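Quick notes on the structure that follows.
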Amino acid sequence: MIQNSLCSLLQLQYPIIQGGMVYASGYKLASACSKAGILGVLGAGSMSLDILEQQLIKLKKKVQDRPVAVNIPLLYSKVNEQVDLCLKHGIKIFITSAGSPKIFTKKLKEAGCTVLHVVSNDDLAAKCEDAGVDAVIAEGFEAGGHNGRDELTTLTLIPLVKKRVSIPVIAAGGIASGEAIAAMMVLGADGVQMGTRFLMTQESSVHENYKNLLRESTSHSTELVMKKVVPVRLWKNEFYQKIKKKEESDATKEELVNLLGKGRARKGMLEGDMVEGELEIGQVCGLIKDLPKVDDLVKDLVSQYNLALSRISKF
Ligand SMILES: Cc1cc2nc3c(=O)[nH]c(=O)nc-3n(C[C@H](O)[C@H](O)[C@H](O)COP(=O)(O)O)c2cc1C
């Protein structure tokens, strides 16, 4: 697989990022990814400050000098404290999401860090470049977790973003194989970020019930809901059906927030309640039936990628 500008920027063997994921990407997943030559990312979104500090200590011990990042979704209340804690523990790569790139980029760059920001359209990508962000992660509508309102597919989004910025562009949303990585590179991406594929590994921290349920996924298993609140792609369990019914009855934003309540994602993804929990996942779950170790998965992705390129070269 290629060594390119993104590999140089992040000191990686392969231009692949494991996406930060609430309840899924703790220190075990992030360190396994960093050891496999890609960028491991601790998902700080769901963590209290105490838990984040414990995770940072374990993470730094496991990865030693290898590159590793923390994802800070900007929609939570303790983001300032989370950023300061990460800086205190020597984190050098930050992936910010779900908010303005202006909030932390200047501070993080002054502290000598590399900053990546997640975008769902090309206007936001241009704002990232103006704010001094080092690379953008352009995440399409297929993706798991919270999503933009634009409903742009990854195939459309990457060329749009490439036209607007000169910093590296990382493609995310719907990528789970070496063939898909090759397709994104052909489209002009400098690398990829994958979430759903890494959630379905032995090292991810979601509950076994969730991993087992996901093996039954088909092309009909997910939908983007809660557009009145924060759009999120969910697995269609009973809790999803309740949201859907409320949305069809034209429920207000407040009614939807009340139905969501507190701790739904934790209940589903971490505690294993497959009925009443909120289950975030990407469309590509329908393609994934195995639960590999990260190291084997990365090796497979690289050989699939190389095979795809040699097939294309014969056309
Ligand atoms: C369960 C789950 C939780 C996620 N949580 C976050 C998060 O906390 N912050 C974030 O920036 N992105 C989050 N994402 C998005 C991923 O980082 C990644 O960009 C996305 O999964 C890529 O699309 P894919 O699922 O099709 O690979 C989450 C995705 C999933 C599946």
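Quick look at the numbers
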read-out	value
Size of electric dipole in the chain: Cβ of Lys, Arg +1 and of Asp, Glu -1, about Cα centre, debye, nearest 20	480 debye
Share of alpha-carbon pairs per 10 Å distance bin for the range 146-202, given as whole %	23, 52, 22, 2
Surface accessible to a 1.4 Å probe, per residue, for the residues of the range 208-284, Å²	52 Å²
Lys/Arg +1, Asp/Glu -1 at C-beta; the chain dipole; positive extreme among 128, 97, 7	7
Fraction of accessible area attributable to carbon and sulfur, the range 157-315 (%, probe 1.4 Å)	52 percent
Sequence-separation-based contact order of the range 70-199, relative, with Cα cut under 8 Å and 6+ spacing, percent	18 percent
Sites residue 110 and residue 149, calculated FRET efficiency, Cβ-Cβ separation with R0 41 Å, nearest 0.05	0.80
Measure of compaction for the range 208-284 (Cα Rg per 2.2 N^0.38 Å)	1.05
Histogram of C-alpha separations across the chain, 20 Å bin width, %	35, 61, 5
Radius 9 Å from Cβ of residue 32, net charge of other residues (Lys, Arg +1; Asp, Glu -1)	+2
Largest-first ordering by accessible area, 1.4 Å probe, given options 39, 287, 187	287, 187, 39
Electrostatic dipole magnitude of the range 208-284 [Cβ: Lys, Arg +1; Asp, Glu -1; Cα centre; debye, to 20]	160 debye
Positive-end residue, the chain charge dipole about Cα centroid, Cβ charges, pick of 283, 80, 114	114
Cα gyration tensor category, rounded, prolate or oblate, for the range 1-60 with a/c compared to 1.5	prolate
Proximal lysines to residue 163, defined as alpha-carbon separation beneath 22 angstrom and excluding residues fewer than eight positions away on the same chain	102, 127
Sparse-neighbourhood loop sites, GluC sites (Glu not before Pro) in the range 202-246 - DSSP loop, at most 12 other Cβ within 10 angstrom	216
Percent of beta bridges antiparallel (DSSP, the chain, rounded to nearest 5)	20 percent
Partners for residue 58 among lysines (Cα-Cα distance below 22 Å; same-chain residues under 8 apart left out)	28, 35, 78, 88, 92, 293
Percent antiparallel among DSSP beta bridges (both partners in the range 146-293, rounded to 5)	65 percent
The chain, relative contact order in percent, only Cα pairs under 8 angstrom and at least six apart counted	17 percent
Value in Å of the Kirkwood radius, where the range 271-315 supplies the Cα pairs that are averaged	13.6 Å
Most fluctuating residue given options 167, 243, 51, as computed from a GNM of the chain linking Cα atoms under 10 Å	51
Calculated [θ] (222 nm, deg cm²/dmol) that DSSP helices of n ≥ 4 give over the chain, each run adding -39,500 (n - 2.57)	-11500 deg cm²/dmol
Residue-normalised accessible area of the range 16-75, expressed per residue, 1.4 Å probe, Å²	35 Å²
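The values are calculated or read from the model by the stated rules, or taken from the named source; none is laboratory data. In this text the structure is predicted, and so the values were computed from the model without any measurement. Every residue, glycine among them, receives a Cβ derived from its backbone with ideal geometry; neighbour counts consider all protein chains shown. Ligands, DNA and RNA are excluded from the accessible area calculation, which covers all protein heavy atoms including side chains. Shrake-Rupley method; radii C 1.70, N 1.55, O 1.52, S 1.80 Å.
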